[in-house]
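As structure tokens, the structure follows; a few thoughts come after it.
The values are calculated or read from the model by the stated rules, or taken from the named source; none is laboratory data. Fair warning: this is a prediction, and the values are worked out from it, not measured in the lab. All Cβ positions, even for glycine, are placed from backbone atoms using ideal geometry, and neighbour counts span all protein chains on display. Quick note on the areas: whole protein, heavy atoms, side chains included, nothing else; ligands and nucleic acids left out. Shrake-Rupley method; radii C 1.70, N 1.55, O 1.52, S 1.80 Å.
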Amino acid sequence: MRRTWVKGLLAGALTAAIMAAVPAAAAKDELVIGINQFPANWHPSIEAMATKAYIEGMTRRPFTVYDADWKLVCMLCTELPSVEKGTAVYETRADGSRGVAVTFTIHPDARWGDGKPVTTRDVLFTWEVGRHPQSGFSNFDLYGRDIVSIDVKDERTFTMHRDKPVCDYAAINDFRLLPEHLERPVFDADPATYRNRSVFETDPTNPGLVAGPYRMTEVASGSHVVLEPNPHWWGQKPAFRRIVVRAVENSAALEANLLAGQVDMVAGEVGLPLNQVLALEKRQGQRFRFLYKQGLIYEHIDLNLDNPVLKDLRVRKALLHAIDREAISRQLFEGRQPVAHNQTNPLDRVHAPGYPTYPFDPAAAGRLLDEAGWTDKRGGIRHNAAGERLQVEIMTTAGDRTRELLQQVMQAQWKQAGIDARIVNEPARVLFGQTLKERRFKAMALFAWISSPENIPRTTLHSSMIPTAANGWAGQNMTGFRDAEMDAVIDKLEYVCEPEPNRLLRTRLQQIYAEQLPALPLFFRSDAYVLPPWLDNLVPTGHQGFSSFWVETWRVK
Amino acid sequence: MTRFLVSRLLQAIVVLLVMSFLVTALIGLMPGDPVDLMLAGNPHATPADAARLRAVYGVDRPPVERYLHWLGGAVQGDFGYSRLFSRPVPEVIGPRLVNTGILLGAAFLLAVALALPLGVAAARRPWSLADDAVNLLCFAGISVPPFWLALLLILLFAVTLQWLPASGMAPVGGGSWVDGLRHAALPVATLAIASVGGYTRYVRSAMLVELRQDYIRTARAKGMTERRVVWRHALRNALIPVVTIMALEFGALFSGALVTETMFAWPGMGKLIYDSIMGNDYNVALVALLLATAMTLLGNLLADVAYAALDPRISFRAEPR
């Protein structure tokens, strides 16, 4: 009896001790950020991953990046090269081909986190590794083809000779600098195994890997990363003594962590889905600050133009007229996710309004379908003179609740117009790994493209980019869109840089897209941020130059 | 006994070889390859770039050749590198295995510790109110989806009461063993609640059979205390089928619990296996699945050994038939 009593007392004491050790509320010199995936690796140029890029935004600085106003700015360089200033010069090479030479100067105070200066040796080393066939870089096109050569003037200034006389010569956002003093011995030892032995993987908290306001001081794989100020950071002093980035991959659990106070904020770029944040705002609107930023993730339906039904432009227009995107945006996204009428976002400097749009108009949809020969309505579904049913298949990523919901709403609206849309979904891996890549989808595929501001949509709209077995399924023109004028406009856009001719080309590109409708524009996705009321100055960007690139400006109110 | 163990070891090696080939073949059948995934975000990649990367990552060779190459390394202790994590496979799997062992081991022990008294209590008074209550709890535990249970526990203990942390294994910087217990409490409870129902039902059912046996009646007639009859005689025999079930669960201890690990941000094997399969990380997926197979085989071996300990009639000595 006595032993039982003692055991009970011990168990009670242990329970009390465990329960009493409730974590103290986070001090305001510490910020805990919740993200939805833990990065698998840390090398900046091997295996692109959004959460890795988000954390890198706090620890590294690219030469150039698009800012919150979608303008290109210098981060590691002193100023953007330009033809006017003479730091960008169009040139003709010895073989007669044309290119452009752009001169950058590294910021004079730029240092790696171990105090070593950032120099042109790092630039040359990065280029050497990037173009090495065995290094495993996934953006070989930049290092191996786009950059023809690099001339070094001194420790800080270099001239990069680019392969083509492009207009966006100053944008080298993807040139991710490697610290030569740490990585050279590893790379020289064996380039073929460099990717596995890089200091980024073997010693990710090494301060010499960072050149940004923060450095990683703890990496708990699969759980969290701790960042502390980089003493050698040359810019504005960051406000937080410590930032913890915590990965919680289930969105409901991430929300619960937020409510439990275990995370202070959820990053909009790599956090919660929009509709979950909208629901949270209704319940917890006073407790947090909610920010929404529409961006460059273009949600749309790719149409397989080899499909005999969809070949007919009238049917494509009818499909768009038959769906009420404004109502869907209001009902599903509370208007936070604006309707897209083109593949170019209206916030983009190169957007040129004036192209045709297709508002919800069931009567217009009906007229177009009648004109296309789908006149005979039997059982609510239209048939043509040959007795064929107006039936199309729509695919998307299985398990994506927002897209599946959207699909069902559109299916119902199309049915009202006499179109039988059949839903056939596949896991993302199969849809993107095979079905879309090899153009195996029968009619329609709902997914999103991610691009950067001022993007030229060569890979998605130029006829040379239609994936085929012959070209090894290269390119992203999954619709099979072929338009000679579009090809010519895209070809010219890359080299016609004078503002007015360039604007006219952009205008024409957007017009052709709207007139021909190779895809049905739906929405521009919005990033939804859940922030603590005391956090100030976090400015969402809406593109892949994440808000974390300006972490040093974040302040406590 | 030695002969039995050697025989089982040889069988295990054959099973593992067959499994390794099957897993390789199944992974190879999935659409796309690692390079497709890597280049999905790079619209400017050419077929030549893809071919170069396939050579770099060794996926340009036929699956059988890749398998034999992997096998050659594996028998020498070289399990290759993880494509996703850019680290040697044992370095990727090792810490996750430990995390999963802690989580599922604790949940397993807790579930067994609860299931034995509950199952025995229910069997001693079948169809009573106590039995009905135990059955109700069992079916509730079996029926509740783990993600929902996890969410309920988080909302109650982390959000509302703020007694326990909602996720992770430890606070930033490590923390004490008490912190470790606090972090493990909810995921362990989720897994234990999910499995205690099943174990209790097995114990109850086996105990019901044993308690009706003649030797139990004899023991009672001899004046043995009820406690001794139940716990020393009936339970010992009832444990044989229960041990079989638990042995099968042993393999699962090392293959992780995807849903619970994801809900509680517990970096374990379940999530690793899922990510490695979805990310075409052949080496990690193969070794992790083989490890789970090996542990299942080991569990069965331990169960066989346990039978002999529980039932003196079972012997591993070769006898004429």
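What number of residues in the stretch B:101-131 are more than 29 Å from B:Ala292 (Cα to Cα) and assigned to a helix (DSSP H, G or I)?
Taking the stretch B:101-131 first, the residues more than 29 Å from B:Ala292 (Cα to Cα) are B:117-118, B:120-131.
From the residues that got through so far, the ones that are assigned to a helix (DSSP H, G or I) too are B:117-118, B:120-124, B:129-131.
The qualifying residues number 10.
Identify, by number, the condition in (1) touching a residue at least 60 places away in the same chain (Cβ under 8 Å); (2) buried (at least 20 other Cβ atoms within 10 Å of the Cβ); (3) among the aliphatic types (A, V, I, L, M) that A:Ala372 doesn't meet.
Among (1) touching a residue at least 60 places away in the same chain (Cβ under 8 Å); (2) buried (at least 20 other Cβ atoms within 10 Å of the Cβ); (3) among the aliphatic types (A, V, I, L, M), the lone unmet condition for A:Ala372 is (2).
Taking the criterion of being open to solvent by 60 Å² or more (accessible area, probe 1.4 Å), away from every other protein chain (no Cβ under 14 Å) and in a helix (DSSP H, G or I), would at least one residue in the stretch B:172-185 satisfy it?
No, that holds for no residue.
Would it be correct to say that A:Pro191 is farther than 26 Å from A:Thr51 by Cβ, within 14 Å of another protein chain (Cβ to nearest Cβ) and not hydrophobic (A, V, I, L, M, F, W, C)?
Values: farther than 26 Å from A:Thr51 by Cβ: yes; within 14 Å of another protein chain (Cβ to nearest Cβ): yes; not hydrophobic (A, V, I, L, M, F, W, C): yes.
In short, yes.
Would you be able to say whether some residue in the stretch B:284-292 is open to solvent by 40 Å² or more (accessible area, probe 1.4 Å), without any contact (Cβ under 8 Å) to a residue 40 or more places away in the chain and either in a helix (DSSP H, G or I) or closer than 30 Å to B:Pro88 by Cα (or both)?
no
Out of the stretch A:512-557, which residues are part of a loop (DSSP other than H, G, I, E, B) and open to solvent by 40 Å² or more (accessible area, probe 1.4 Å)?
As a first pass, look at the stretch A:512-557 and keep what is part of a loop (DSSP other than H, G, I, E, B): A:517-518, A:532-534, A:537-546, A:554, A:557.
Across the stretch A:512-557, the qualifying residues are A:Pro533, A:Trp534, A:Asn537, A:Val539, A:Gln544, A:Lys557.
Looking only at residues that are under 19 Å from B:Thr262 (Cβ atoms) and of a type outside the set (Gly, Ala, Ser) in the stretch B:157-171, which one is nearest to the other protein chains (Cβ to nearest Cβ)?
In this case the residue turns out to be B:Val159.
Working only within the stretch A:390-411, note down all residues that are outside any helix (DSSP H, G or I) and over 25 Å from A:Arg367 (Cβ atoms).
First, pick out the residues of the stretch A:390-411 that are outside any helix (DSSP H, G or I): A:390-400.
Result: A:Met395, A:Thr396, A:Thr397, A:Ala398, A:Gly399, A:Asp400.
Contact list please: Cβ distance under 9 Å, first residue in the stretch A:129-141 and closer than 15 Å to B:Ala40 by Cβ and at the interface with another protein chain (Cβ under 7 Å from one of its Cβ atoms), second residue open to solvent by less than 10 Å² (accessible area, probe 1.4 Å) and among the hydroxyl-bearing types (Ser, Thr, Tyr), pairs at least six apart or on different chains.
A:Ser138/A:Ser45; A:Asn139/A:Ser45
Give the residues of the stretch A:40-56 that are in contact (Cβ under 8 Å) with a residue 24 or more places away in the chain and within 10 Å of another protein chain (Cβ to nearest Cβ), sorted by residue number.
A:Asn41, A:Trp42, A:His43, A:Ile46, A:Glu47, A:Ala48, A:Ala50
Tell me, which residue of the stretch A:342-374 that is charged (D, E, K, R) and assigned to a loop (DSSP other than H, G, I, E, B) is modelled with the highest pLDDT?
Looking at residues that are charged (D, E, K, R) and assigned to a loop (DSSP other than H, G, I, E, B), I get A:Asp361.
Might you let me know whether the stretch A:251-258 holds any residue that is more than 13 Å from chain B (Cβ to nearest Cβ) and among the acidic types (Asp, Glu)?
Step one: filter the stretch A:251-258 for residues more than 13 Å from chain B (Cβ to nearest Cβ), giving none.
No, there is no match, as no residue in the stretch A:251-258 is more than 13 Å from chain B (Cβ to nearest Cβ) and among the acidic types (Asp, Glu).
Of everything in the stretch A:440-455 that's open to solvent by 40 Å² or more (accessible area, probe 1.4 Å) and away from chain B (no Cβ under 14 Å), which residue is modelled with the highest pLDDT?
In the first step, residues of the stretch A:440-455 are kept if they are open to solvent by 40 Å² or more (accessible area, probe 1.4 Å); the result is A:440, A:442, A:449-450, A:452, A:454-455.
With away from chain B (no Cβ under 14 Å) added as a condition, the list becomes A:442, A:454.
On the way: A:Lys442: 96, A:Glu454: 92.
Top of the filtered list is A:Lys442.
Can you name the residue in the stretch A:412-432 that is assigned to a helix (DSSP H, G or I) and open to solvent by less than 10 Å² (accessible area, probe 1.4 Å) and, of all such residues, is nearest to the other protein chains (Cβ to nearest Cβ)? So that I can check it myself, show each step before the final result.
First pass over the stretch A:412-432, keeping only residues assigned to a helix (DSSP H, G or I): A:412-416, A:428-432.
From what is left, the residues that are open to solvent by less than 10 Å² (accessible area, probe 1.4 Å) are A:414, A:431.
On the way: A:Trp414: 28, A:Leu431: 9 Å.
The extreme case among them is A:Leu431.
The rows are residues; the columns are (1) buried (at least 23 other Cβ atoms within 10 Å of the Cβ); (2) in a helix (DSSP H, G or I); (3) touching a residue at least 60 places away in the same chain (Cβ under 8 Å); (4) within 14 Å of another protein chain (Cβ to nearest Cβ).
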residue: A:Leu278; (1), (2), (3), (4): no, yes, yes, no
residue: A:Lys282; (1), (2), (3), (4): no, yes, no, no
residue: A:Leu291; (1), (2), (3), (4): no, no, yes, no
residue: A:Leu296; (1), (2), (3), (4): yes, no, yes, yes
residue: A:Asn307; (1), (2), (3), (4): no, no, yes, no
residue: A:Gln337; (1), (2), (3), (4): yes, no, yes, no
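Got a number for residues in the stretch B:121-139 being free of Cβ contacts under 8 Å to residues at least 24 places away in the same chain and either within 14 Å of chain A (Cβ to nearest Cβ) or in contact with an Asp or Glu (Cβ under 7 Å, 6 or more places away or on another chain) (or both)?
Within the stretch B:121-139, residues that are free of Cβ contacts under 8 Å to residues at least 24 places away in the same chain and either within 14 Å of chain A (Cβ to nearest Cβ) or in contact with an Asp or Glu (Cβ under 7 Å, 6 or more places away or on another chain) (or both) number 1.
Among the helices (runs of 4 or more DSSP H) contained in the stretch A:147-205, which hold 2 or more residues that are within 27 Å of the chain's Cα centre (by Cα)? Let's see the steps before the verdict.
Details: elements: A:180-189, A:194-197, A:199-202.
Those helices (runs of 4 or more DSSP H) span A:194-197, A:199-202.
Take the conditions assigned to a helix (DSSP H, G or I) and more than 14 Å from every other protein chain (Cβ to nearest Cβ) and apply them to B:Leu71. Does it pass? First the steps, then the outcome.
Values: assigned to a helix (DSSP H, G or I): yes; more than 14 Å from every other protein chain (Cβ to nearest Cβ): yes.
So B:Leu71 passes the test.
Conditions tested, residue by residue: (1) in contact (Cβ under 8 Å) with a residue 40 or more places away in the chain; (2) open to solvent by 40 Å² or more (accessible area, probe 1.4 Å); (3) of a type in the set (D, E, K, R).
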position: B:Arg217; (1), (2), (3): no, yes, yes
position: B:Met224; (1), (2), (3): no, yes, no
position: B:Arg227; (1), (2), (3): no, yes, yes
position: B:Arg232; (1), (2), (3): no, yes, yes
position: B:Ala247; (1), (2), (3): yes, no, no
position: B:Leu253; (1), (2), (3): yes, no, no
position: B:Trp266; (1), (2), (3): yes, no, no
position: B:Met278; (1), (2), (3): no, yes, no
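For the stretch B:157-171, how many residues are open to solvent by 30 Å² or more (accessible area, probe 1.4 Å) and not hydrophobic (A, V, I, L, M, F, W, C)?
3
Is it the case that the stretch B:191-204 has a residue that's part of a helix (DSSP H, G or I), within 22 Å of B:Glu261 (Cβ to Cβ), open to solvent by 40 Å² or more (accessible area, probe 1.4 Å) and not small (Gly, Ala, Ser)? Let's see the steps before the verdict.
The initial filter retains those residues of the stretch B:191-204 that are part of a helix (DSSP H, G or I), namely B:191-204.
Applying the additional criterion that residues be within 22 Å of B:Glu261 (Cβ to Cβ) yields B:191-199.
Next, only the ones that are open to solvent by 40 Å² or more (accessible area, probe 1.4 Å) stay: B:193.
Then keep just the ones that are not small (Gly, Ala, Ser); that gives B:193.
Yes, because at least one residue in the stretch B:191-204 is part of a helix (DSSP H, G or I), within 22 Å of B:Glu261 (Cβ to Cβ), open to solvent by 40 Å² or more (accessible area, probe 1.4 Å) and not small (Gly, Ala, Ser).
Output the qualifying pairs, or none if there are none: Cβ atoms under 6 angstrom, residues six or more apart or on different chains, first residue in the stretch B:140-156 and at the interface with chain A (Cβ under 10 Å from one of its Cβ atoms) and surrounded by 13 or more Cβ atoms within 10 Å (Cβ to Cβ), second residue among the aliphatic types (A, V, I, L, M) and not in a helix (DSSP H, G or I).
The qualifying pairs are B:Ile154/B:Ala166.
Could you grab me the full set of residues in the stretch A:456-472 that are within 8 Å of chain B (Cβ to nearest Cβ) and part of a loop (DSSP other than H, G, I, E, B)?
Answer for the stretch A:456-472, where residues must be within 8 Å of chain B (Cβ to nearest Cβ) and part of a loop (DSSP other than H, G, I, E, B): A:Asn471, A:Gly472.
Can you tell me which residue is farthest from B:Gly94 (Cα to Cα) among those in the stretch A:203-249 that are of a type in the set (S, T, N, Q) and facing chain B (nearest Cβ under 8 Å)? Quick ask: steps written out before the conclusion?
Of the residues in the stretch A:203-249, the ones of a type in the set (S, T, N, Q) are A:205-206, A:217, A:221, A:223, A:230, A:236.
Subset that is facing chain B (nearest Cβ under 8 Å): A:221, A:223.
Working: A:Ser221: 12, A:Ser223: 16 Å.
In this case the residue turns out to be A:Ser223.
Checking the condition open to solvent by 20 Å² or more (accessible area, probe 1.4 Å), of a type in the set (Gly, Ala, Ser) and farther than 27 Å from A:Pro540 by Cα, which residue from A:Ala94, A:Ala101 passes? I'd like the intermediate steps shown before the answer.
Details: A:Ala101 fails: open to solvent by 20 Å² or more (accessible area, probe 1.4 Å).
From the options A:Ala94, A:Ala101, the qualifying one is A:Ala94.
Restricting to the stretch B:1-59, name every residue that is open to solvent by less than 30 Å² (accessible area, probe 1.4 Å) and polar (S, T, N, Q).
B:Ser20, B:Asn42
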